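Notes follow the structure.
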Amino acid sequence: MTPILRRRSRIVVALLLVILVYLLVGLLPENSDVLWGFTYVHDRYDWSQQKIFYPVPEYTPIPTGQPRLLPSVQYAFKEDKSPEGVAREVVLASRRSEVKEAFVKSWRSYKNVGFGYDELMPVSGGGHDTPSFGGWGATLVDSLSTLWIMDLKDDFYEAAAAAVTIDYSRSRYTSCNYFETTIRHLGGLLSAYDLSRETALLEKAVELGDMLYAAYDTPNRMPGFFFNFQDAKTGKQVAGTRDPSASVASSSLEFSRLTQLTGDNKYYDAISRVTRVLDEWQNKTGLPGMWPTYFDLQRIELDGDNSFTLGASADSLYEYLPKTFAILGGLEPVYEKLYRGAMDTVIKNILFRPKVPDQADILFSGNVWVTSQGPRLTAQSQHLCCFVGGMFGLGGKLFQIPEHVTIGEKITKGCVWAYDAMPTGIMPEVLNLLNCESLEPCEWNQELWDIVGNTKLKEGIKNVPDPRYLLRPEAIESIFLMYRITGDTEYQEMAWRMFQAIRNATETDLAFSAIESVRVTDTVKLDSMEVSQSPL
């Protein structure tokens, strides 16, 4: 028996002994059970038996059959047994150890002073819940897959044992953020199950999935931004008239996977209806190919919103397109169609090249407002947009568009440039830049810079309207993807430089904190370590 299995056996035996004692003294909650070696708490309200007020005559089935042989995404790495290669591996092993230590520090603090809360308060200590996360322990669930990948199996099983006691039908709040609950909790449970094959985690994911499925029980089967528990139980839900597009159109991965694992097409049917709206709208918007930042899904009509971005409120709508294509084995072509159409528009309208003295070959993602004179680009980029480099790289490989891989590299290196531009070595939440007229290199204009520039900022950055760093992971995520796609070790150095800068600027006695400003090295720590933003 392997050491991991032996550890797991000891944990399971200990859990069973605890359960036995609880049973003998009658301390188990009445809605609990012993399930696959865990003390399992069933949700007090069974959403699978909830009355459907707006039933579906026939579910759209998930695509079946032999998955397509998709192009390889990962670079064909080869073991380097040369002295240089062996020495390099020693360096990388040391770095991995430091990253793991940072995570372990955060996890231990969460376990000791914030366990069960949505997030740890990394400066003052203790835990904190938020309405968006429902008070169900978002950090606990979202950390499961990381615990497994980092081979912290004892901690994983301890956390999993706690996760399957969550009662998602009980909350101190009257509603939860449908989007956040889907990606943090449902996604966290499903990924942990896929890694560990612990059936209790899938059972809990199904319970939660049934609750979230009820968000689609509206007159037109479109979900809203917030999921109100009582409205759902009484058939009073309606979709919103101005909801963030990402929030209502970013459940395709989790719901598709839930159908794949359970064989129940209701989950896939729910998200396929939203996908059909995306397909119908794609070429009818103010910027054909893309979708506006906010949706009116109550009337299922374009409401005149003329803002377009890959940043906040819209980001994961686009991010999910190539990923959903992949998880469905390439059997649903609409996701490739939506990706190609959207990225053609992004390249022509959203991306921009910053005007900088050294003519660095980098790109950023901006914002567009469509006016009566046509699209108007604002050369403002967000840290959130740093996921775009990885998305282009993934889409370029999956759909065999080499140009997109090249673009992905330029966007990723743009975020690295922005990190290096700040005194802390960290990119701010939002920055405004000078921009070239096209995506081609342009000459630096010192006279213009003397007029509009800020001597306290790196040349090319006009201003920083939001200098915070909220522990966002998007930049390092894209670097990881581009390294795996290209095999270029330069990306490993970029990521290591970022990690060191983040650790230096954000570390507290307990963990790591969001900071007030990346423009000063002695910045104020904000006592926040929101799980959705932690890069560790």
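Quick look at the numbers
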item: Top-ranked residue of the range 228-260 - restricted to ones that are of a type in the set (A, V, I, L, M, F, W, C) and over 21 Å from the mean Cα position of the chain (by Cα), ranked as surrounded by the fewest Cβ atoms within 10 Å (Cβ to Cβ); result: 238
item: Members of the range 467-505 that are out of contact with any helix residue (DSSP H, G or I) (no Cβ under 9 Å at 6 or more places or on another chain) and of a type in the set (Asp, Glu); result: 493
item: The one condition in (1) surrounded by 18 or more Cβ atoms within 10 Å (Cβ to Cβ); (2) of a type outside the set (Phe, Trp, Tyr); (3) part of a helix (DSSP H, G or I); (4) at pLDDT 95 or above that residue 62 fails to fulfil; result: (3)
item: Residue list for the range 415-440, filter: under 17 Å from residue 518 (Cα atoms) and among the small types (Gly, Ala, Ser); result: 418, 421, 425
item: Criterion violated by residue 123 - all others in (1) surrounded by 17 or more Cβ atoms within 10 Å (Cβ to Cβ); (2) in a helix (DSSP H, G or I); (3) of a type in the set (A, V, I, L, M, F, W, C) satisfied; result: (2)
item: Selection count where residues are of a type in the set (A, V, I, L, M, F, W, C) and farther than 23 Å from residue 238 by Cα, scope the range 179-223; result: 9
item: Contacts under 6 angstrom Cβ, first residue in the range 355-379 being on the phi > 0 side of the Ramachandran plot, partner assigned to a loop (DSSP other than H, G, I, E, B) and at pLDDT below 95, 6 or more apart; result: 359/441
item: Members of the range 328-376 that are in contact with a helix residue (DSSP H, G or I) (Cβ under 6 Å, 6 or more places away or on another chain), assigned to a helix (DSSP H, G or I) and surrounded by fewer than 18 Cβ atoms within 10 Å (Cβ to Cβ); result: 334, 336
item: Selected residue (criterion: surrounded by the fewest Cβ atoms within 10 Å (Cβ to Cβ)) from residues of the range 299-327 that are under 28 Å from residue 431 (Cα atoms) and among the hydroxyl-bearing types (Ser, Thr, Tyr); result: 307
item: Matching option when the condition is modelled with pLDDT of 95 or more, farther than 26 Å from residue 75 by Cβ and of a type in the set (Gly, Ala, Ser), among 475, 511; result: 511
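The values are calculated or read from the model by the stated rules, or taken from the named source; none is laboratory data. Just so we're clear, the structure is a prediction, and the values are computed from it rather than from any experiment. Please note: Cβ atoms are built from the backbone with ideal geometry, for glycine as well, and neighbour counts cover all protein chains shown.
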